[in-house]
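Shown next, in structure tokens, is the structure this report addresses.
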Amino acid sequence: MADKPSERNAGIDTTRPSIARAYDVVLNGKDNFEVDRAFVAEIAKVVPEIYDVATYNRQVLGRGVRFLSGQGVTQFVDLGSGLPTVENTHQVAQRANPESRVVYVDNDPMVLAHGRALLAENDRTAVITSDLRDTEAILSDPAFKSLIDLGRPVAVMLIGILHHLHDDEDPRAIVEAYMAAVPPGSYLFITHFCASTQESRDAEQKYLALLGTGRFRTPEEITAFFDGFELLEPGVVPLPLWRPDGPVPGRLTVGQQLMYGGIAYKR
């Protein structure tokens, strides 16, 4: 995709890779630029399965949302949602229950442009352009308040985004701020890059050098995000092992171990 002046005028920086656009690359999307594809190519040198990893993450999003819908959840806040693609949160949730309401939050201007077009005829879904670290701004946003009733259970989703927050940004405090705002009966759904192999640690160095973010945390560090909540079975595990729809291999590949995830319940 060639850079276009209109995109530059919209505040889209095509000189540096974007988290949302890089994710679009590995999902074989079309809303990305050469700088994003070059970044992914560098990651693929150390984790050739990086395209499969994106698929595992997308698949667990679907399984997780279906599970949450099955628990009666009809409100979803998808933080750091990325660009619209197949089987988005609202599509999965509203298939399970047409009354489900979904708020997407991302700081990439391309997400707002594409999201608004996609959701123009869906009055139970909104896109907010904001940095998920600004919890007060998001929780007080008119679009958020019009769709999300904080007196009823909410699914707080941080799918593949917390690893883009550095330790000094206190991501755990950010998680706690969102969970403090939602009532008992709510859920926390996280997926995260994991320092599970030498290849994953090599990938972390690539992310940090080329993107400036990408903190691969240990299983224990990822599990700590759920402290204070009831971690549901099977706990924090490699994504293919989280409530799989079918059989999984006995021995996981590097790519299958690259991301871990889990869901917890707020009592």
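Structural remarks
- Among residues of the range 83-98 that are on the phi > 0 side of the Ramachandran plot, those with a beta-carbon under 9 Å from a residue that is open to solvent by 40 Å² or more (accessible area, probe 1.4 Å) at least six positions away or on a different chain give the pairs Glu87/Gln59.
- Of everything in the range 82-118 that is modelled with pLDDT of 90 or more and charged (D, E, K, R), the residue that is least open to solvent (accessible area, probe 1.4 Å) is Asp106.
- Condition check for Asp31: of a type outside the set (Gly, Ala, Ser), over 13 Å from the mean Cα position of the chain (by Cα) and at pLDDT below 95: yes
- Those residues of the range 51-81 which are closer than 23 Å to Gly255 by Cβ, in contact (Cβ under 8 Å) with a residue 60 or more places away in the chain and open to solvent by less than 10 Å² (accessible area, probe 1.4 Å), in sequence order: Val53, Asn57, Val60, Leu61, Gly64, Val65
- Taking the criterion of being in contact (Cβ under 8 Å) with a residue 60 or more places away in the chain, part of a loop (DSSP other than H, G, I, E, B) and either in contact with a strand residue (DSSP E or B) (Cβ under 8 Å, 6 or more places away or on another chain) or exposed (fewer than 13 other Cβ atoms within 10 Å of the Cβ) (or both), the residues of the range 205-255 that qualify are Phe225, Trp242, Asp245.
- Residue within the range 188-200 that is open to solvent by 30 Å² or more (accessible area, probe 1.4 Å) and not in a loop (DSSP other than H, G, I, E, B) present: yes
The values are calculated or read from the model by the stated rules, or taken from the named source; none is laboratory data. From a predicted model like this one, the values you see are computed outputs, not experimental measurements. Reconstructed Cβ throughout: ideal geometry from the backbone, glycine too, with neighbour counts over all protein chains shown. Accessible surface areas use protein heavy atoms only, side chains included; no ligands, DNA or RNA. Shrake-Rupley method; radii C 1.70, N 1.55, O 1.52, S 1.80 Å.
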